[in-house]
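Working notes for the structure below.
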Protein chains: 2
Amino acid sequence: MPRRIAIVGAHAAGVDAAAAARKTDRTAEITLITRQKQAGYSPCGIPFVLGGHIPSFDRLVVFSQSYFRMMKLNLMLETTVTSINTKDKTVRIQDQTGKQELLQYDSLIIATGANPFIPPIKGREKQGIQLFRTIEDGKKIDKAIKNGAKKAVVMGAGLIGIETAVALQERGLKTTVVELLPQILPTMLDGNMAKDVQEMLEQKGINIMISNGVEEFLGADRVTGIFAGGQQISADLIIAAFGVKANTELAKNAGIAIGETRGIKTNMRMETNVEGVYAAGDCAESINMVTQRPTLCQLGTTAVRQAKVAGINAAGGYAIFHGVLGSSVTKLFDMEIGVTGLTEFFARKAGLEIVVGKINSKTRPEYYPGGLDIKIKIVAEKESQKIIGVQIIGGEQVTQRINALSFAMQKQMTVRELAKADTAYAPPLNETWEPMVLAAEMALRKLR
Amino acid sequence: MPRRIAIVGAHAAGVDAAAAARKTDRTAEITLITRQKQAGYSPCGIPFVLGGHIPSFDRLVVFSQSYFRMMKLNLMLETTVTSINTKDKTVRIQDQTGKQELLQYDSLIIATGANPFIPPIKGREKQGIQLFRTIEDGKKIDKAIKNGAKKAVVMGAGLIGIETAVALQERGLKTTVVELLPQILPTMLDGNMAKDVQEMLEQKGINIMISNGVEEFLGADRVTGIFAGGQQISADLIIAAFGVKANTELAKNAGIAIGETRGIKTNMRMETNVEGVYAAGDCAESINMVTQRPTLCQLGTTAVRQAKVAGINAAGGYAIFHGVLGSSVTKLFDMEIGVTGLTEFFARKAGLEIVVGKINSKTRPEYYPGGLDIKIKIVAEKESQKIIGVQIIGGEQVTQRINALSFAMQKQMTVRELAKADTAYAPPLNETWEPMVLAAEMALRKLR
């Protein structure tokens, strides 16, 4: 009898797990179950459709129906998994009509993702607080703009909040971002780097209120504004980007262990405490490769890497997941921003003694027209001299520098080694002395 | 008495050595001696001035007179070092008027660079065969174009030859490249990668003749064309880009050891076989970090890295040079081309058993407009699975990928590890599955 693999969720993690399972076991019966109308799209692209960089929401569908057919994957849309019975190895599913059914599995992969949350703020029961997660959310916002929305408030200055604010500003809305913490992008950047990004956003016309929590949602039944920082802010669009919470209810109810990060706990094979049950994506914990402690790294890249491991193992293969550095980038207007490893803030919070190397440089030699500013901050652990984190802000060429330093960190490179590295240069493409190397040199000086 | 440091040569290697020496010893008397009219400019920029990307040759001067003053460096222009006496620790110098003088040193750095050569081809004594090395060479070519030159021949399809051909084509000249070997960029790329570049150049209108040596220089006293591939090719500009030879005469005559590569031999401190005499730049050997054998790596980046080490040591400090991977990039029209480590050809020549991973991918997700093609070829040693070389051709984002894989190689990363690496992604900036990771996966499959 063929192996039956059930996968709860059908976005990045679900589909990549299915693909890996299929490649591992050509005859397995693989079923993906999602409550959503559409499977296999890239939610990361939504702000960029909204901002007008991608022509339509439909383009975001990375895995088409024909992909599922080609890979012989059973896809059940608009179907909810209501419970998991790990003893009988069944999931209970319910379709739109309310009809329930039991689905038998040999291996199960939980890829339930994460959902946005709204903190317990006065008035949060009001209608019209717009979440930002699905294509449907994106389409609603797009429609509101087309219907004449002029003012927006984005609550939360994390990556999704800021990307959304940029998109709204690009669409011509007067946009305000409200953030409780004293900086934007608090999990991505240190305060001194975030300040540069904030200044750029403000120059582009976005109003940013840091150190200000949302105190109340205003309006009758329907929200018409917020109260924050001692003032009333009315808006046509009020978008909640406070953050996301791992969807772990289903797992929890089935007795599957949840970790200290509130994500599903797994071993190196992405297997939960229940044999044959795996987890991957935004609902699953990872081990941070620097701190060697659990972390919730809710990135698309992490999702697909975990999913590949879960899929291979669920199909009887063998693969392990080594953890995450949390390498992440974005582009806001003409600025690229990237991070890998720990920020200075989180390194200190983890109890590490560190040195920091910072450099302002250019992406091309002074004599070659068009070079753009680039700022690199390297965090190194003091005793080992190892690079443990990097933040980069620049006009171009940020992403692959983040990858370069991610590789360096994965291989335990020290700032001393980086200061000696062999790098590539040509006048149209780079400086002779690579800025990453100069930043390492700055860190090294503090270690002498 | 202050330490006296003499440096022969005043471009990338000479000036960077001087700067490092100055930072190491604030009171040293540092003298740079060059036979050229101008010091401290970037020869790498010359093709890009010629092509019109950099507004003037003067822009290429990276280190101005005021820099030399600020760093308290004595700069002797148009002055030739005629001999070195390592016993007395003196160099004999001669100025333009023929006046000679002895200069005493405590440490000496030889940064004499390399010069283009013309192979013993019939007629090479004729006037007008244009070399391509100095700003003066660049200016002569520029003048010839302004005076109406319409047709050019570039002899040699190495990096300088090809960059020059592109510049000439950009300036509207009908340009032919003649190369003895069966491919262009023979030390940079494998034949299968070079073919892509050749096709692109041909589409841009450059005529490329591979597997064809120059058999004769035609014309009376002055060259008016060449004979190659069974045909006469006449041209207004006949440019020799056969390659360069390390300038080691001065060192050789002083009894300083020359290595098997015909570059000056040094230890890890960039010190020659004579105590207190260092070498750096195009005249000096390096150790290849993959083969652990001497190599002549005549790149600007290598020059400045060697020079820094030589300068620190010459000034009484301590620094070592770990060798080179030969990371190198260029931009030809809209194509970026990069390499680090060994090509497949050179790996096999070094006796290594290898596997190759190749991938064609895009620089952005399918759904994000504007993504460009990128092709990555990874060479891994079979027993250790270590990455030993990478070639990348793409429309963008090549340079920092080369750096990323240079870091990986420096830290002995295997293709297995690269296939699991943590990479950064955002729709405007990269694919979810980083192409380098996919190429590693391809190599890994051949190892299973």
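Among the residues making up segment A:304-320, a single one is of a type in the set (A, V, I, L, M, F, W, C), within 9 Å of chain B (Cβ to nearest Cβ) and within 18 Å of the chain's Cα centre (by Cα): A:VAL304. Here A:GLN96 meets each of (1) surrounded by 17 or more Cβ atoms within 10 Å (Cβ to Cβ); (2) without any contact (Cβ under 8 Å) to a residue 40 or more places away in the chain; (3) out of contact with any Lys or Arg (no Cβ under 8 Å at 6 or more places or on another chain); (4) not acidic (Asp, Glu) with one exception, condition (1).
Is it true that some residue in segment B:256-273 is away from every other protein chain (no Cβ under 14 Å), over 21 Å from B:ALA10 (Cβ atoms) and small (Gly, Ala, Ser)? Among the residues of segment B:256-273, at least one is away from every other protein chain (no Cβ under 14 Å), over 21 Å from B:ALA10 (Cβ atoms) and small (Gly, Ala, Ser), which makes the answer yes. Within segment B:48-89, can you find the residues that are of a type outside the set (A, V, I, L, M, F, W, C), crowded, with 18+ Cβ neighbours inside 10 Å and either in contact with a His (Cβ under 9 Å, 6 or more places away or on another chain) or within 30 Å of B:PHE333 (Cα to Cα) (or both)? B:GLY51, B:ARG59, listed by residue number.
One residue alone among A:GLU275, A:GLU260, A:GLU249 is touching a Pro at 6+ places or on another chain (Cβ under 7 Å) and surrounded by fewer than 20 Cβ atoms within 10 Å (Cβ to Cβ), and that residue is A:GLU260. For segment A:284-304, the condition holds for no residue, the condition being that it is closer than 30 Å to A:GLY370 by Cα and either crowded, with 21+ Cβ neighbours inside 10 Å or of a type in the set (D, E, K, R) (or both). Count of segment A:389-419 residues, restricted to those that are out of contact with any strand residue (DSSP E or B) (no Cβ under 7 Å at 6 or more places or on another chain) and over 18 Å from A:SER361 (Cα atoms), is 6. The residue that is surrounded by the fewest Cβ atoms within 10 Å (Cβ to Cβ), among those in segment A:379-402 that are acidic (Asp, Glu) and within 20 Å of A:ARG348 (Cβ to Cβ), is A:GLU383.
Each row is one residue, and each column tells you yes or no for (1) closer than 15 Å to B:ASP422 by Cα; (2) not in a loop (DSSP other than H, G, I, E, B).
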residue: A:LYS245; (1), (2): no, yes
residue: A:ALA251; (1), (2): no, yes
residue: A:ILE256; (1), (2): no, no
residue: A:GLU260; (1), (2): no, no
residue: A:ARG269; (1), (2): no, no
residue: A:THR301; (1), (2): yes, yes
residue: A:VAL304; (1), (2): yes, yes
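Meeting the requirement of 2 or more residues that are within 30 Å of A:GLY51 (Cβ to Cβ), the helices (runs of 4 or more DSSP H) wholly within segment A:308-419 are A:344-349, A:399-410.
When each of A:GLU271, A:GLU275 is tested for being free of Cβ contacts under 8 Å to residues at least 12 places away in the same chain, closer than 24 Å to A:GLU249 by Cα and assigned by TED's automatic domain parsing to the domain that holds A:LEU250, the lone residue that passes is A:GLU275. Within segment A:164-189, being under 17 Å from A:ILE392 (Cα atoms) and either among the hydroxyl-bearing types (Ser, Thr, Tyr) or crowded, with 24+ Cβ neighbours inside 10 Å (or both) holds for A:ILE184, A:LEU185, A:THR187, A:LEU189. Among the residues here, B:ASP373 does not qualify as under 30 Å from B:ILE5 (Cβ atoms) and either among the charged types (D, E, K, R) or modelled with pLDDT under 95 (or both). Going through segment A:202-220 one residue at a time, which ones are at pLDDT 95 or above and over 22 Å from A:GLU163 (Cα atoms)? Those that are at pLDDT 95 or above and over 22 Å from A:GLU163 (Cα atoms): A:GLU215, A:GLU216, A:PHE217, A:LEU218, A:GLY219.
Going by the structure shown, is A:LYS126 of a type outside the set (Asp, Glu) and exposed (fewer than 15 other Cβ atoms within 10 Å of the Cβ)? Taking the combined requirement at face value, the residue does not satisfy it.
Within segment A:11-25, residues that are touching a residue at least 60 places away in the same chain (Cβ under 8 Å) reach partners that are among the charged types (D, E, K, R) and not in a helix (DSSP H, G or I) with beta carbons closer than 6 Å, at six or more positions or on different chains, in the pairs A:ASP25/A:ARG3.
From the list B:PHE68, B:PHE57, the lone residue that is away from chain A (no Cβ under 14 Å) and within 27 Å of the chain's Cα centre (by Cα) is B:PHE68. Hey, any hits in segment B:100-112 for a residue that's away from chain A (no Cβ under 14 Å), over 26 Å from the mean Cα position of the chain (by Cα), under 30 Å from B:LEU131 (Cβ atoms) and not charged (D, E, K, R)? Within segment B:100-112, one or more residues are away from chain A (no Cβ under 14 Å), over 26 Å from the mean Cα position of the chain (by Cα), under 30 Å from B:LEU131 (Cβ atoms) and not charged (D, E, K, R). Could you look through segment B:403-444, keep only residues that are facing chain A (nearest Cβ under 7 Å) and of a type in the set (Val, Ile, Thr), and pick out the one that is surrounded by the most Cβ atoms within 10 Å (Cβ to Cβ)? The qualifying residue surrounded by the most Cβ atoms within 10 Å (Cβ to Cβ) is B:THR423. Here the strands (runs of 3 or more DSSP E) wholly within segment A:139-240 that include at least 3 residues being free of Cβ contacts under 8 Å to residues at least 60 places away in the same chain are A:174-178, A:207-209. Residues that are within 24 Å of A:ARG3 (Cβ to Cβ), within 14 Å of chain B (Cβ to nearest Cβ) and crowded, with 17+ Cβ neighbours inside 10 Å occur in segment A:40-47; there is at least one. Residues of segment B:56-75 being part of a loop (DSSP other than H, G, I, E, B), farther than 17 Å from B:ILE7 by Cα and hydrophobic (A, V, I, L, M, F, W, C), which ones? Scanning segment B:56-75 gives a single hit, B:VAL62.
Residues checked against (1) within 20 Å of the chain's Cα centre (by Cα); (2) farther than 27 Å from A:GLU271 by Cβ; (3) part of a loop (DSSP other than H, G, I, E, B):
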position	(1), (2), (3)
A:ALA13	yes, no, no
A:ALA17	yes, no, no
A:PRO47	yes, yes, no
A:HIS53	yes, yes, yes
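The values are calculated or read from the model by the stated rules, or taken from the named source; none is laboratory data. This one's a predicted model, so the numbers in the text were calculated from it and none came from an experiment. For neighbour counting, all protein chains shown are included, and Cβ atoms are generated from backbone atoms with ideal geometry for every residue, glycine included.
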